[in-house]
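Here's the structure we're looking at; comments come further down.
The values are calculated or read from the model by the stated rules, or taken from the named source; none is laboratory data. It should be emphasised that the depicted structure is a prediction, and the values quoted were computed from it without experimental measurement. Virtual Cβ from ideal backbone geometry, glycine too; neighbours counted across all protein chains shown. Note: areas computed on protein heavy atoms with side chains; ligands, DNA, RNA excluded. Shrake-Rupley method; radii C 1.70, N 1.55, O 1.52, S 1.80 Å.
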Amino acid sequence: MEGGKGQSVLKARIREAERKGLLCPPMADMWRALECTPPEEVKVVLLGQDPYHGMRQAHGLAFSVADPLLSWPPSLRNVFKERASDLDVPLDRPANLEDWAQQGVLLLNAVLTTEMGTAGAHQGLGWEKAVHDLLVTLMARTPSLVWILWGKPAQHTHARAVEAHGAVRPGDTVIASAHPSPLAAYRGFWDSQPFSRCNTALEARGEKPIVW
């Protein structure tokens, strides 16, 4: 997180939202993406924007929903539709994406918390800088990564981190498209084949493909 006043404001908002039972995800899951996929195990970075703000949806992994009783959010449904089309597999699978995370897919949002019922409640309070610094650190230790960037915010987050890193990264593979949200998917998310393209890149450098 950013130091100084920005950090203090963000911490205060997080504590207050947690106290009221409104923090998404709960504080215990705030860093779950890194707990499931430690930096030394990251092969793929899939960048999201903001946690889900519905009850019990967010659990610290971008796009993932842990509660099997909840219906799929529209963006996740579109992710699964593209997965089914891309890989010729059934549409149905668990909404909990921990199995992806455990294979080296860092499911990271640009902002790690929000408040129930309010999208983007914690944007601009310091998370963006913390995530930026994390990505720069990750690039410093890992010479080859696959980046899956859905939507302009993810693409801009990646571009700023690459610029800050400062070194040419010929080993990276960048798979960028529109966001899977129903408002944007028609602009280029459909048929973008991110899952097969990711696995092709991993196999080309001798790494195990992801079982999506």
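Here is a list: 104, 60. Which entry is surrounded by fewer than 22 Cβ atoms within 10 Å (Cβ to Cβ), within 26 Å of residue 139 (Cα to Cα) and under 13 Å from the mean Cα position of the chain (by Cα)?
104
Scan region 125-147 and report the pairs whose first residue is within 16 Å of residue 205 (Cβ to Cβ) and whose second residue is open to solvent by less than 10 Å² (accessible area, probe 1.4 Å) and at pLDDT below 95, with Cβ atoms within less than 9 Å and a gap of 6+ or a chain change.
147/154
Mind checking which residues of region 40-56 are over 13 Å from residue 131 (Cβ atoms) and either of a type in the set (Asp, Glu) or surrounded by fewer than 21 Cβ atoms within 10 Å (Cβ to Cβ) (or both)?
Residues satisfying the conditions are 40, 41, 42, 53, 54, 55, 56.
Just to check your reading of the model, which residue among 87, 22, 46 is in contact (Cβ under 8 Å) with a residue 60 or more places away in the chain and in contact with an Asp or Glu (Cβ under 7 Å, 6 or more places away or on another chain)?
22
All but one of (1) more than 19 Å from residue 184 (Cβ to Cβ); (2) in contact with a helix residue (DSSP H, G or I) (Cβ under 9 Å, 6 or more places away or on another chain); (3) modelled with pLDDT of 95 or more; (4) surrounded by fewer than 21 Cβ atoms within 10 Å (Cβ to Cβ) hold for residue 86, so report the exception by its number.
(1)
Can you name every residue in region 29-47 that is touching a His at 6+ places or on another chain (Cβ under 9 Å) and either part of a loop (DSSP other than H, G, I, E, B) or farther than 20 Å from residue 203 by Cβ (or both)?
Within region 29-47, 29, 32, 47 meet the criteria.
Among the numbered conditions (1) open to solvent by 60 Å² or more (accessible area, probe 1.4 Å); (2) among the aliphatic types (A, V, I, L, M); (3) modelled with pLDDT of 95 or more, tell me where residue 185 comes up short.
Here residue 185 clears every test but (1).
Please count how many residues of region 197-210 are under 17 Å from residue 88 (Cβ atoms), touching a residue at least 60 places away in the same chain (Cβ under 8 Å) and exposed (fewer than 15 other Cβ atoms within 10 Å of the Cβ).
Going through region 197-210 one residue at a time, the tally reaches 0.
Tell me, please, whether a residue that is in a loop (DSSP other than H, G, I, E, B) and of a type in the set (S, T, N, Q) can be found in region 61-70.
Yes, there is a match, as at least one residue in region 61-70 is in a loop (DSSP other than H, G, I, E, B) and of a type in the set (S, T, N, Q).
For the condition open to solvent by 10 Å² or more (accessible area, probe 1.4 Å) and of a type in the set (Gly, Ala, Ser), what is the one hit in 117, 126?
117
Name the one entry in 172, 191 that is on the phi > 0 side of the Ramachandran plot and modelled with pLDDT of 95 or more.
Result: 191 is the single residue among 172, 191 that is on the phi > 0 side of the Ramachandran plot and modelled with pLDDT of 95 or more.
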